[in-house]
1. Using θ = phi - 60° and the Karplus form 6.51 cos²θ - 1.76 cosθ + 1.60, what ³J(HN,Hα) does each residue of segment A:212-225 get, whole Hz, x for Gly and Pro?
2. With a/c under 1.5 counting as rounded, go ahead and sort segment A:111-249 into rounded, prolate or oblate using the C-alpha gyration tensor (a ≥ b ≥ c being the square roots of the eigenvalues; past the cut-off, prolate if a/b is larger than b/c, else oblate).
3. Spin-label point model (7 Å from Cα, Cβ direction): what's the B:ASP44 to A:SER169 distance in nm?
4. Taking only the alpha carbons of segment A:183-329, what extent do you get along each of the three principal axes, in Å, biggest first?
5. Using 10 Å bins from zero, what percent of all Cα-Cα pairs in chain B falls into each bin?
6. Taking amide hydrogens as modeled 1.01 Å from N in the peptide plane, which residues meet the under 5 Å criterion relative to A:ASN302, leaving out close sequence neighbours?
7. For B:GLY32, list long-range residues whose amide hydrogen, built 1.01 Å from N in the peptide plane, is under 5 Å from its own amide hydrogen.
8. If the reach is capped at under 28 angstrom between alpha carbons, list the lysines near A:LYS183, excluding any in the same chain fewer than eight residues apart.
Amino acid sequence: MRTVAALTGTLLLLLGSLTAWAADSPPRSVTSQGMASSEVDAGESRFEINAATDDSNATVKIGRTRSVGPGLPGHRSYFDTLTASATAPLAKGGGSTSLATNAGFPDAFTVTGKYSRLTVMRRIVDPADPKLKSIREEMQANALAEGVSADDVKDLVCDSGNVATYAASRLDEFDALFWDDSKPTIIWGGSGTVGRRDFEFLQDDLNKQSQSKTPWGFSAFAAVIPPTTETLLTAGVAYRRQWKDADETTLCPASGTSASITCKSGPGAAPIEATQKIAFAEWRHAFKKRAVSLKIEYDFENKLLAAGLPIYLLPSGDSGLGGGIRIDWVEAKGASFGVFVSKVFSLFPE
Amino acid sequence: MAKKTISFKVEKKDGVQAFWIAVNQHDVPINGEQGSISVDEAGDHMLVWAFEGDSGGKLAITGTVGAKTVVEVKQSVIPPNRHRASGFKSFDLN
């Protein structure tokens, strides 16, 4: 709890930048047909605060989103997400990583800012389009035929979910009224992280010395969901400057007259710098009842190639797939196999 | 013609990544969860929504004029094996 409270306090310092990002303005007024400019509207400023823990970290995150509709001449729509998070380690040396080269900033207190923009091409729906009425009537008729009461059918909202349930053969036709399915979904973004990690190591006189380091890094990515697929293709880069403990050693005092001596074990030198310069590519695909993700990374600094292949096999709650098996491979170390149970599959970048 | 301002609240969960709503072919800019738009007081209006996310992702929309709810979508869900969903609903301000 104290850890979460400290993280929350840190994040409150970041609220000013998020507030400035949400400019206030009067409500838009619709006076004529045609597309309006995409100014940011007024509204009560709200921030979402989430706290979560896993085996090795406690994280508090605040986020802000902005939905911007199409402007002339195209029907391109944007959705922006800005988040700030603070992470503190709960257990030093803990935490599983999916790839050896993608360990993040283990055992460090870090603050991260992330931004992403998702872009799609939508269609402007004509209320008079006869297809809307036709599909809605078919959906309602089929729902009645399947035993849904007349009152419930009347309240049945005409959306993709209910069309998929009661008029599945027309789902593609329905979606085509709202989306330009010939265009992909494009997502891009980046993040920056700065942190603090404390180290202790042994000196020759067996005394322990403390030293603090400031790990930092940044990343950028671009992703695309090709038209009419449930596949995400991502490419990106990441730079991390961090430190790790020197090799463990055991030091004993010089021989004296005592019958016994006490030795000490620990890192035998000051922390070692461990910089990473990573390029990665990832393919994610959702099958009907399975999902798979293949990620390949190359660390140019350490000349290390690695790959990870989680295969999602088990359902998680009433939506999504969580749990399965994974294969990881690191150059010069070979492959390792494992199972995971708590990570839910998402088609979208994390 | 007299106008009224509709205030919208949009809530997303279970993997919804992005959403957009529009009234009468005009997008409503949403900041965080809220946005608003002015419309003619008389006549029928149409709310349209579109959202992207993982299958099973849910969106809920509430439109109010003052304290009165004029349009509500309690839950719209992304169907299985899809990453986007959309819908429409007609309403008036009376």
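1. In residue order, the calculated couplings are 10, 10, 10, x, 8, x, 8, 8, 8, 8, 9, 9, 9, 9 Hz.
2. Values: a/c = 4.76, a/b = 2.99, b/c = 1.59.
Prolate, since a/c reaches 1.5 and a/b exceeds b/c.
3. My value for the distance between the label points is 2.7 nm.
4. That works out to 79, 31, 28 Å along the principal axes.
5. 17, 51, 25, 7, 0
6. A:LYS277
7. A:THR65, A:ARG66, A:SER67
8. A:LYS114, A:LYS131, A:LYS133, A:LYS288, A:LYS289, A:LYS295, B:LYS12, B:LYS13, B:LYS58, B:LYS89
The values are calculated or read from the model by the stated rules, or taken from the named source; none is laboratory data. This is a predicted model, so every value here is computed, not measured. No Cβ is skipped: glycine too gets one built from the backbone with ideal geometry, and neighbour counts run over all protein chains shown. These accessible areas exclude ligands, DNA and RNA; they are computed on the full protein's heavy atoms, side chains included. Shrake-Rupley method; radii C 1.70, N 1.55, O 1.52, S 1.80 Å.
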